[in-house]
Amino acid sequence: MTDRQQAQAQAALNPTNPPPSTDRAPEPSGYAAQRLHLLREDPRTGAARRAALSELTDRWLAGLFSTAADGLTGVALVAVGGYGRGELSPRSDLDLLLLHEGGPGGPAVAQLAEQIWYPVWDNGIALDHSVRDLGTARKVAAADLKVQLGLLDARHLAGDPGLTASLRSSVLADWRSAAASRLPELHTLCRERAERHGELSFLLEPDLKEARGGLRDLTALDAVAASWIADAPRAGLEAAGARLRDVRDTLHLATGRATDRLSLQDQDQVAAELGVLDADILLRQVYEAARTVAYASDVTWREVERVLRSRSGKLRRSTRFSFGSAGRAAPARGAALRSPLAEGVVEQDGEAVLAATARPATDPVLPLRAAAAAAQAGLPLSPSTARRLAAEYRPMPVPWPDEAREQLVTLLGAGESAIPVWEALEAEGLVARLLPDWERVRCRPQRNAVHRWTVDRHLVETAVRAAALTRRVARPDLLLVAALLHDIGKGWPGDHSEAGEVITRDVAARLGFPKADVDTLSLLVRHHLLLVDTATRRDLDDPATLATITSVVGSVGVLELLHALTEADALATGPAAWSSWRAALVGDLAQRAAADLEAAARDDEAGRAPGPVGSEPSAEEERLAVEAARTDGPVLSLRAESEQASDPTSEPMGVTLTLALPERPAVLPTVAGVLALHRLTVRAAAIRELDPIGAGPVLALTWQVAAEFGELPEAARLRADIRRALDGGLDVTRRLAERDASAPRRRGSTAPPPRVTVAAGGSASATVLEVRAHDAPGLLHRIGRALEATGVRVRTARISTLGADAVDAFYVTGPDGRPLPRERAVEVARSVERALS
């Protein structure tokens, strides 16, 4: 072979830029013209045009091969990668492999390659080419994951079909046998690519191929399916992929370039070519498709990890427990390997799934309960569970039951772990069914460089940020819901704050908030930009500036909510929206406004006679207090309550427990501990000190409780355990510690630390300690023990659970029955806070 022939052979084997033109076979007539007609004149679009372009190119390349091969055997021309899948876009490159048997025919194969590659280059088509024998192809694939992925889509074009079949079967066998190591490597590549290119569903100029949720991820999902390890949820996936490819095809034709980035300057033209009204609608369609792909990817990779863990023996198995007397846990014989999370919800294989007894068709709160339980436990919501919840969805009563509203707040309060659960609900259309106004902001782009998210994701991200600020406010539920709704008006024309106020008023009423809370929520949404706009644009030393703020908020509590919402909104917007300078300005403004509001409140209170601590006792409390005073023993009453008081046929959702007994030490922690042992969640509670017959103080405790999961305990058993605990026959603290030690360990959501403060001016006859903490089984028991350890007397308490947060107020005095000195009160507050941390 001459030097020139050697150089030509080397060039044909080298997959880089083409060498200068030499003698080559003539191009089959008409390919360029037919291709141009197909792309410009043919009415076919989308998948039909891609298939037609692939078929046209197949025939052309097969003709090139047939002319150049001239009787050469043991060679095959193979399409790989995107071309192998038949997904040719107008500017796609051609991925080709010239496969041969090896041996002494190298020069002839090299000459054949040259006579195929050059016509491709002469037509201005990008080419990714290689020439290999079967053994070399397998070795290169084993060493290079991207090469192996391309070969998984190998498709025969011309030559020896048996050679192509051998390649396909061997590559698939290699892929499946090495799946345990190759799939984690592929997952790593996907994550790295997402870090470089971002999430397609949130980018103003997305890369349709490389960004997370793009076409590369679809290829990865096909590779996972080919491994036989797992398969993606297929609902909507094909349509999502088709939409992304259609947009890319149109982008190629509109720009005349092989680009995958949908830049701002091209969006209007692409939208017009696709018959879409405007660029915003185009982006929404792209975002919806990308979310479908991204969600399918998350589900698939989670399943891959689960299967690979199980094969390696590292899958953590949970246990299903049955609960006997006082909540004592014991493994249920023959039970499925599950552990309970909430009523109708269990954990299985690292996911939240429905219990065997769950009935979504008769339990409208179940979707929110399952989502809240999953988020709080730091678990994903099983895709099959989400699908079943959507399929058997029962419309929520209006207004929502109290439990539904509490579960929504609990979901939002979970922080970061709420995001994948929310995405699972959205993937099945449940969010829009629960909150119909959500549809207008779903996938809505924000054409502002400061914003990094779409409107809907920004709302969820704001709630996530707000969850970390709940200890700063007395009403964390209002903060979280306001965060979720503050930009809801962006789906409507006009000022989004004004539109949002109207929408929020309607949504809050449907959620079942009382009128005062509806007013607060609508105020927060209407004025969510007030603090930051005022702080950065007005003179804070001008009294009129403070008057603007105080006249709007009206109270310190609302000001605290607005301040926290402002910070959460800015943090969720993006790095450019919040800085130490802005935080300092807003904090200074809020502090000055709070001082003015507190001064005004003190002036209003001046001259008023001190009132009694707490509210008036109920008739039931007075009756039991009289009986307890006469018998010198604990008296209990239990009354089942329905979620909807107007519906006497509805199932009992909780119990009101009223207990009266002569005052004695440790009543609060003891009774709270018994309720926790019986897995009763305290929704609200009140403790009052009465003297009904003048024979000495009697404590009246009223608890509103509900079962954490399962059925409510028998009244007789609950009454007996309370009596045993008060008499010292039941060590509540030890039993709770034993149960916690045996419970499954979960990552769970990360809650902000507890906060215990001394309320200023809370009462004239007692010191008021406010406890704000993440609600958890046994929390009230621990608070009661911590208070007992400090030696103070709890005269009255108001216990409330708002979603996942406990907001409690304890009216305490010293042994002398008087309010605590300021220094002593601060010391007690710090001691309780340390005990809860």
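The values are calculated or read from the model by the stated rules, or taken from the named source; none is laboratory data. Since we're looking at a predicted model, the values are computed, not measured. Note that we place each Cβ from the backbone using ideal geometry, even for glycine, and neighbour counts take in every protein chain shown. Surface accessibility is based on the protein's heavy atoms, side chains included, excluding ligands, DNA and RNA. Shrake-Rupley method; radii C 1.70, N 1.55, O 1.52, S 1.80 Å.
Some observations on this one:
- Length gained on full extension, ALA547 to ARG830: 98.4 nm, using 0.36 nm per residue less the C-alpha separation.
- Cα gyration tensor, the chain - rounded (a/c under 1.5), prolate or oblate: prolate
- Cβ-based charge dipole, the chain, positive-most Cα from ALA797, LEU597, SER177: SER177
- Unit charges on C-beta of K, R, D, E only; dipole of region 688-837, Debye: 280 debye
- Burial ranking of peptide ranges 275-282, 776-783, 214-221 (average Cβ count within 10 Å, highest at the top): 214-221, 776-783, 275-282
- Per-residue extension of 0.36 nm, minus the Cα-Cα distance of ALA173 and GLU663, leaves a gain of 168.7 nm for this segment.
- Computed over protein heavy atoms with a 1.4 Å probe, the accessible surface of the chain works out to 44 Å² per residue.
- Selection from GLY103, THR454, PRO420 lying farthest towards where the dipole of the chain points positive, charges on Cβ: GLY103
- In order along region 393-405, the phi-based Karplus estimate (6.51 cos²θ - 1.76 cosθ + 1.60, θ = phi - 60°) of 3J(HN,Hα) comes to 4, 10, x, 6, x, 10, x, 4, x, 4, 4, 4, 5 Hz; Gly and Pro are listed as x.
- Cα gyration tensor category, rounded, prolate or oblate, for region 408-455 with a/c compared to 1.5: oblate
- Solvent-accessible area of PHE513, all protein chains in place: 20 Å² (probe radius 1.4 Å, heavy atoms, ligands and nucleic acids excluded).
- The modelled label-to-label distance between ASP222 and ALA789, using points 7 Å beyond Cα along the C-beta direction, is 6.2 nm.
- Ordered from highest to lowest accessible area with the whole protein assembly present and a 1.4 Å probe, SER763, SER66 read as SER66, SER763.
- Residues whose amide H comes within less than 5 Å of that of ARG795, counting only those at least five positions distant or on another chain, are TYR811, VAL812, THR813 (H built at 1.01 Å from N in the peptide plane).
- Rounded to the nearest 20 debye, the dipole magnitude of region 50-149 is 260 debye, with +1 charges on Lys and Arg beta carbons, -1 on Asp and Glu beta carbons, and the Cα centre as origin.
- Taken one residue at a time, the phi angles of region 777-790 give Karplus couplings (6.51, -1.76, 1.60, θ = phi - 60°) of x, x, 4, 5, 4, 5, 4, x, 5, 5, 5, 4, 5, 7 Hz. Gly and Pro are set to x.
- Cα gyration tensor shape of region 106-205, rounded if a/c is under 1.5, else prolate or oblate by comparing a/b with b/c: oblate
- Dipole magnitude of the chain, debye to nearest 20 (Cβ charges: Lys/Arg +1, Asp/Glu -1, about Cα centre): 2160 debye
- Inter-part distance where region 344-393 and region 23-100 are each reduced to a Cα centre, Å: 50 Å
- Ordering 679-688, 588-597, 172-181 by mean Cβ neighbour count within 10 Å, with the highest value first, yields 679-688, 588-597, 172-181.
- Most to least accessible of GLU823, GLU620, GLU627 (protein chains only, probe 1.4 Å): GLU823, GLU627, GLU620
- Positive-pole candidate from ALA835, TRP492, ALA220, dipole of the chain, charges at beta carbon: ALA835
- Length-normalised contact order for the chain - Cα pairs under 8 Å, 6+ apart - percent: 8 percent
- From most to least packed by mean Cβ count within 10 Å, the peptides 78-88, 346-356 give 78-88, 346-356.
- Whole-Å distance, taken between Cα centres, linking region 542-601 and region 709-736: 47 Å
- Heavy-atom surface analysis with a 1.4 Å probe gives the chain a carbon and sulfur content of 50 percent of its accessible area.
- The solvent-accessible area of TRP422, taken with every protein chain present and a 1.4 Å probe, is close to 20 Å².
- Length added when fully stretched, GLU288-ASP128, from 0.36 nm per residue minus Cα-Cα: 54.4 nm
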